[in-house]
1. Can you tell me which of (1) surrounded by 12 or more Cβ atoms within 10 Å (Cβ to Cβ); (2) touching a residue at least 60 places away in the same chain (Cβ under 8 Å); (3) closer than 15 Å to GLY61 by Cα is the one THR110 doesn't meet?
2. Go through the stretch 123-148 residue by residue and tally those that are over 16 Å from GLY54 (Cβ atoms) and not in a helix (DSSP H, G or I).
3. Could you grab me the full set of residues in the stretch 154-176 that are more than 13 Å from THR111 (Cα to Cα) and in contact with a helix residue (DSSP H, G or I) (Cβ under 7 Å, 6 or more places away or on another chain)?
4. Being surrounded by 10 or more Cβ atoms within 10 Å (Cβ to Cβ), under 28 Å from the mean Cα position of the chain (by Cα), assigned to a helix (DSSP H, G or I) and modelled with pLDDT under 85 narrows it down to one residue among ALA13, ALA21, ALA38, ALA67; which is it?
5. For the stretch 93-114, which residues satisfy the criterion of being outside any loop (DSSP other than H, G, I, E, B) and in contact with a helix residue (DSSP H, G or I) (Cβ under 6 Å, 6 or more places away or on another chain)?
6. Taking the stated definitions as given, is ASP154 in contact with a Phe, Trp or Tyr (Cβ under 8 Å, 6 or more places away or on another chain) and farther than 22 Å from GLY87 by Cα?
7. For ASP151, state whether it is at pLDDT 95 or above, in contact with a helix residue (DSSP H, G or I) (Cβ under 9 Å, 6 or more places away or on another chain), of a type in the set (Asp, Glu) and outside any helix (DSSP H, G or I).
8. Which residues, counting only those in the stretch 70-92, are part of a loop (DSSP other than H, G, I, E, B), under 19 Å from VAL146 (Cα atoms) and touching a helix residue (DSSP H, G or I) at 6+ places or on another chain (Cβ under 6 Å)?
Amino acid sequence: MSTRNALLAACSALVIGCGGALAEGPNLGKAASPEEIASWDVSIGPDGVGLPSGSGTPRQGEQVYLAKCLSCHGEKGAGKPNDQLVGGQGSLEPGQAPFKTVGSFWPYATTVFDYVRRAMPLNEPKSLGDDEVYAVVAYILWLNGVIGENDTMDAQTLPAVRMANRDGFVRFSRGR
């Protein structure tokens, strides 16, 4: 028997021998428990349904920002090395060069909360407590002139915040 034929025979035997195991699947991982799913199912939509308890003010948020956000987003959200968070108001008008920041582009304060809670800080996502997230979002909203310096953000007040670009998006219904 030639080497080529011997290799083909060996490969065929291997495939046939493994066929039963492959039919059952690779047997990797495990089914997620309801508790594991719940810990990751933390999305907050525009209506604010699912916002956790807690609260924060711009003053409290400044302290969180200085400790956790400054190195990536610069002094008072000015940017460098990462995205600028402040400014750009009015730049989404026709004929203007769009400058997308939290204050100019984001349509809902609740989705700012959702994003910060799930994704920030970049090197430690999901590490901020709910009070810290409310506070840093309040600080960013205040820097953008969206809320007042003494306003408190929580599950009731955050959905009521009117962002400058709220009407700039068309809501996509997914059959809910």
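The values are calculated or read from the model by the stated rules, or taken from the named source; none is laboratory data. What you are looking at is a predicted structure, and each value in this text was computed from that prediction instead of being measured. Reconstructed Cβ throughout: ideal geometry from the backbone, glycine too, with neighbour counts over all protein chains shown.
1. Unmet for THR110, out of (1) surrounded by 12 or more Cβ atoms within 10 Å (Cβ to Cβ); (2) touching a residue at least 60 places away in the same chain (Cβ under 8 Å); (3) closer than 15 Å to GLY61 by Cα: (3).
2. Counting residues in the stretch 123-148 that are over 16 Å from GLY54 (Cβ atoms) and not in a helix (DSSP H, G or I) gives 8.
3. ASP154
4. Working: ALA13 fails: under 28 Å from the mean Cα position of the chain (by Cα); ALA21 fails: under 28 Å from the mean Cα position of the chain (by Cα); ALA67 fails: modelled with pLDDT under 85.
Only one candidate passes the filter, namely ALA38.
5. Just the residues of the stretch 93-114 that are outside any loop (DSSP other than H, G, I, E, B), to begin with: 109-114.
ALA109, THR110, VAL112, PHE113, listed by residue number.
6. On the way: in contact with a Phe, Trp or Tyr (Cβ under 8 Å, 6 or more places away or on another chain): yes; farther than 22 Å from GLY87 by Cα: yes.
Judged against the criteria, ASP154 is a match.
7. Values: at pLDDT 95 or above: yes; in contact with a helix residue (DSSP H, G or I) (Cβ under 9 Å, 6 or more places away or on another chain): yes; of a type in the set (Asp, Glu): yes; outside any helix (DSSP H, G or I): yes.
Here the answer is yes, as ASP151 does meet what is asked.
8. We begin by selecting, within the stretch 70-92, every residue part of a loop (DSSP other than H, G, I, E, B); these are 74, 78-92.
Subset that is under 19 Å from VAL146 (Cα atoms): 78-79, 83-92.
Scanning the stretch 70-92 gives LEU85, VAL86.
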